[in-house]
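Asks: One structure coming up, written as structure tokens, with questions to follow.
The values are calculated or read from the model by the stated rules, or taken from the named source; none is laboratory data. Computed from a predicted structure; not experimentally measured. Note that we place each Cβ from the backbone using ideal geometry, even for glycine, and neighbour counts take in every protein chain shown. Accessible surface areas use protein heavy atoms only, side chains included; no ligands, DNA or RNA. Shrake-Rupley method; radii C 1.70, N 1.55, O 1.52, S 1.80 Å.
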Amino acid sequence: MADTATAPAVDDEGGLKRSITGRLLFFYVLGDVLGSGIYVLIGSVAGEVGGAFWAAFAVGVTVAGFTGLAYAELATKYPQAAGASLYVNKAFGKKPLTFLTTVLYLSATFAAAGSLAAGFSQYVAEVWDAPPALLVMIAFIILLAVLNFIGITESVVANMLMTFVEVTGLLIVLVIGVIYVGQGKADFSVLADFSTDDNIIFAIVAGVALSFFAMTGFENVANVAEETVDPHKNFPIALIGGMATAGVIYVLVSMAAALTVPVDTLADSDAALLEVVKAGILPISVTVMTLVFAVIAMIAITNTTLVQVVTQSRILYGMAREDVVPGAFGKIHSSRRSPWVALLFSAVVVIGLVVTGDVLGRIGLDVDIVSRLASVTVALLLVVYAGVIVSCFKLRGSDESEKTFRAPSALLVLGLIGNVVLLGYVIATDPTSLIWCAGLVGLGGLLYVVEAVFGSRNPDSTDTGAVKGA
Amino acid sequence: MHVVVATDGSRQSLAAAKQLKAFADPAKITEISVVAVIRPLASVAFADDVSGSGFDGSFRDAAQSAVDAIAAVYDGWGPKVNKRIRSGSAANEIIKAARQYDAGLVVVAAGGRGLSDSVLVGSTAQRVQHYAPCPVLVVRPAPKKARKG
């Protein structure tokens, strides 16, 4: 086949081109981060911290941003889709550790999708209270699996549009805040108000632990690493730029919310940002605005959840092809080219989570599905993030070229400390989340056992771990 | 004539590639471009079911293996064979490739016979048929009795 050589250098345009530009990557990160929390969790954070809850978002986004630096460095070194498990595998080369990382990450995406589905149902309830919340959650999860099966997630245009809508929703809140301040009604002392009589640091840590969910999502950026144009240049800028933009928006939105609506009202609301809109500051009918804003919030949540669903089915597909979970998860639909078994399984797991939360709530245990699953996500992801930062240090000096982005070590250390402190706080104050984490991780272990006992080994890939070594 | 043979890594696309070889006159074909499209935002950006090699975490590698396997169909047949990997929406990229190479024919597989193909619009083959700048050979899957899960 000497005449078929198509070396990249001599190929004409379009031959080996990648399609994710820096700008698209930026919007992917922004859309992914923005949808995951501020629409869902802002009320709980306000309740935890008090009027100064913007500080919790500021600290949270900073810790997440330092973690993002490690992702940026590693993604430029190893531009492949597997993300955290790839990095841990490169750094330590231990199969059990790689498997554990993969399962922790997978579990986090399950919990995140459950939390988001519950958040979605709360916004639905604001405009249409007829259907029971559980039914809305289940319908939402099934709908997303179907959308993913059809291939909606592939549309770059749809992705950009949804991100614009997300930003628009938050801009509405900002505009309301600015008008309110302009009218001279704002009492800025609220912004320095802590609801707790205890230590301020403690109140902030509590808020950060809760609000951290709003920062997650950026780790899914590894999904598109392989298809990014000039990753060494675009990855650091788009990833950190996207997170910083999200951080600034979060802080400003928190301030606007705190100034316009009493913190107690925010804390008691299921859909707290709607309270800002309902304050009636804009000269538009509150009913119309409520509807518009609720729809915007639903779109935002949908965007982020879709990415979680993509990630879940990708991880399961990759693991099936590596023979660490049953091969059925590697099944691809013949014409849609979607991993339908993995999608189905993911939907069943996420439905299982929200049903469990609902049932526990019914038998008298006070379970708020949104924040319960959000803190489970955060606990799982903090472990993954810490592992990624450690891997980043371990891999210093290998596979580097002059093009490699190098994250400032001091910031990485701060990020690592931040992740560990938050993890410690979550475990100490909310040991119940460990039961949920164990349940999800146990499910991953179960799949491994099923494959080990019943699966037929593929001789090609017995010793590759989750990803092949370089 | 330049022929674009599209592959999504499916066995049907391998069958389509063989179909071309079964009836076309290699003397009339100057060049064949085997095109695979990676879909960056899809759950599985590229699934290779034709080369038999394992998945190593890289969808680019998977696409490369699939393109190699399809190109191997034309080994020694005559026309010059190019291997191309593109990135983006499958139908768009196939159509763009056809334009760019000034193709005289595009070969695609029609996908399955399942419910999703009759109910859901917008499959790759359909869009290529509608918008390609040249004739399109759509290779239907084998009769149902031969179809395996």
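Asks: Enumerate the whole-percent occupancy of each 10 Å bin, from 0 to the last occupied one, for all C-alpha pair distances of the range A:235-310.
Replies: Distribution as computed: 16, 37, 34, 12, 1 percent.
Asks: Go through B:Lys28/B:Lys96; A:Lys17/A:Lys331; A:Lys95/B:Lys18; A:Lys94/A:Lys403; A:Lys331/A:Lys394; A:Lys233/A:Lys331 and tell me which ones have a Cα-Cα distance over 31 Å in this structure.
Replies: A:Lys95/B:Lys18; A:Lys331/A:Lys394; A:Lys233/A:Lys331
Asks: As an exercise, use a Förster radius of 45 Å and the Cβ-Cβ distance of B:Asp75 and A:Glu402 to find the FRET efficiency, rounded to the nearest 0.05.
Replies: Details: r = 40 Å, r/R0 = 0.89.
According to the calculation, E is roughly 0.65.
Asks: Moving on to the next point. How high is the relative contact order of the range B:2-146, in percent, counting Cα pairs under 8 Å that sit 6 or more residues apart?
Replies: 30 percent.
Asks: Next up: Under a 5 Å amide H to amide H cut-off, with H placed in plane at 1.01 Å, what residues pair with B:Ala109 once short-range neighbours are removed?
Replies: Amide H neighbours of B:Ala109: B:Val139.
Asks: Could you derive backbone 3J(HN,Hα) for the range A:277-292 from the dihedral phi with the Karplus parameters 6.51, -1.76 and 1.60 (θ = phi - 60°), listing whole Hz in sequence and x where the residue is Gly or Pro?
Replies: The phi angles translate into 5, 6, 4, x, 7, 6, x, 10, 3, 4, 4, 4, 4, 4, 5, 4 Hz.
Asks: So, how do all the Cα-to-Cα distances of the range A:296-374 break down into 10 Å bins, in percent, from 0 on up?
Replies: Taking every Cα pair in the range A:296-374, the percentages come to 17, 36, 29, 15, 2.
Asks: Moving on. In terms of modelled amide H atoms, which long-range or inter-chain residues lie less than 5 Å from the amide H of A:Gly50?
Replies: A:Ser195
Asks: Further, regarding this structure: Specify which residue in the list A:Val103, A:Val157, A:Ser398 is farthest towards the positive end of the charge dipole of chain A, using unit charges on the beta carbon of Lys, Arg (+1) and Asp, Glu (-1), about the Cα centre.
Replies: Final value for the positive-end residue is A:Ser398.
Asks: Here is a follow-up. With the other protein chains left in place, how much accessible area per residue, in square angstrom, belongs to the protein assembly as shown at a 1.4 angstrom probe?
Replies: Counting only protein heavy atoms, the per-residue value for the protein assembly as shown is 39 Å².
Asks: Then there is this: Taking accessible area as the heavy-atom solvent-accessible surface of the protein chains with a 1.4 Å probe, which residues of the range A:287-332 lose no less than 40 Å² upon going from the isolated chain to the full protein assembly?
Replies: For the range A:287-332, once contacts with the other chains are taken into account, A:Arg314, A:Tyr317, A:Arg321 lose 40 Å² or more.
Asks: Choose one of A:Met243, B:Tyr74, A:Ser115: the residue whose Cα lies farthest towards the positive end of the charge dipole of the protein assembly as shown (beta-carbon charges +1 Lys, Arg; -1 Asp, Glu; about the Cα centre).
Replies: B:Tyr74
Asks: Dividing the Cα radius of gyration by the Kirkwood radius, what Rg/Rh value follows for the protein assembly as shown?
Replies: 1.00
Asks: Over chain A, what percent of the accessible surface lies on carbon and sulfur atoms, probe 1.4 Å?
Replies: Of the solvent-accessible surface of chain A, carbon and sulfur hold 68 percent.
Asks: Let me ask something else. Whenever you get a sec, compute what percent of the accessible area on the range B:2-146 sits on carbon and sulfur atoms (1.4 Å probe). List each step's numbers first, then the result.
Replies: On the way: 2970 of 5730 Å².
Exposed carbon and sulfur together represent 52 percent of the surface.
Asks: Here is a further query. On full extension of the chain, what length is gained from A:Val420 through A:Ala130, given 0.36 nm per residue of separation minus the C-alpha to C-alpha distance?
Replies: Here the answer is 100.1 nm.
Asks: To the nearest 500 deg cm²/dmol, what mean residue ellipticity at 222 nm is calculated for chain A from DSSP H runs of n ≥ 4 alone, each contributing -39,500 (n - 2.57), summed and divided by the residues?
Replies: -24000 deg cm²/dmol
Asks: Can you work out the FRET efficiency for the pair A:Asp268 and A:Val178, with r the C-beta to C-beta distance and R0 = 25 Å, to the nearest 0.05?
Replies: Numbers: r = 25 Å, r/R0 = 1.00.
About 0.50, to the nearest 0.05.
Asks: Starting from the residue with the highest accessible area, list B:Glu31, A:Glu227 in decreasing order, probe 1.4 Å.
Replies: Ranked from most to least accessible, the order is B:Glu31, A:Glu227.
Asks: Quick one: divide the alpha-carbon radius of gyration of the range B:2-146 by 2.2 N^0.38 Å and tell me what you get.
Replies: 0.98
Asks: Which FRET efficiency value, to the nearest 0.05, do you get for B:Lys21 and A:Ala328 by plugging their Cβ-Cβ distance into 1/(1 + (r/R0)^6) with R0 = 30 Å?
Replies: 0.35
Asks: For chain B, what is the calculated [θ] at 222 nm in deg cm²/dmol (nearest 500), taking -39500 (n - 2.57) for each run of four or more DSSP H residues and dividing by its residue count? Each step should come with its number before you reach the end.
Replies: Working: 5 runs with 51 residues, N = 149.
Using -39500 (n - 2.57) per qualifying helix, the result is -10000 deg cm²/dmol.
Asks: From the Cα gyration tensor of the range A:169-325, with a ≥ b ≥ c the square roots of its eigenvalues, which class applies: rounded if a/c is under 1.5, or else prolate if a/b is larger than b/c, or else oblate? Display every interim value, and only then the final one.
Replies: Numbers: a/c = 2.10, a/b = 1.79, b/c = 1.18.
Prolate shape, in that a/c is at least 1.5 and a/b is the bigger ratio.
Asks: Are there any chymotrypsin sites (Phe, Trp or Tyr not before Pro) in the range A:94-191 that are in a DSSP loop and have at most 12 other Cβ atoms within 10 Å? List them by number. It would help to have the intermediate numbers written out before the result.
Replies: Values: sites: A:Phe99, A:Tyr105, A:Phe110, A:Phe120, A:Tyr123, A:Trp128, A:Phe140, A:Phe149, A:Phe164, A:Tyr180, A:Phe188; in loops: A:Trp128.
Here the chymotrypsin sites (Phe, Trp or Tyr not before Pro) that fit, given the DSSP loop and packing criteria, are A:Trp128.
Asks: Continuing with the same structure: Relative to the isolated chain, which residues of the range A:75-103 have their accessible area cut by 30 Å² or more in the presence of all protein chains (1.4 Å probe, heavy atoms, no ligands or nucleic acids)?
Replies: Residues of the range A:75-103 that lose at least 30 Å² of accessible area once the other chains are added: A:Gln80.
Asks: Right, here's the next one. Need one number: buried accessible surface between chains B and A, 1.4 Å probe, both sides summed, DNA, RNA and ligands left out, in Å² to 100. Let's see the in-between values first.
Replies: Numbers: alone 8190 and 19650 Å², together 23950 Å².
So the buried area, both faces added, is about 3900 Å².
Asks: Amide H to amide H under 5 Å from B:Thr7: which residues, 5+ apart in sequence or cross-chain, H placed 1.01 Å off N in plane?
Replies: Counting only residues 5 or more places away or on other chains, the set is B:Val35, B:Ala36, B:Val37.
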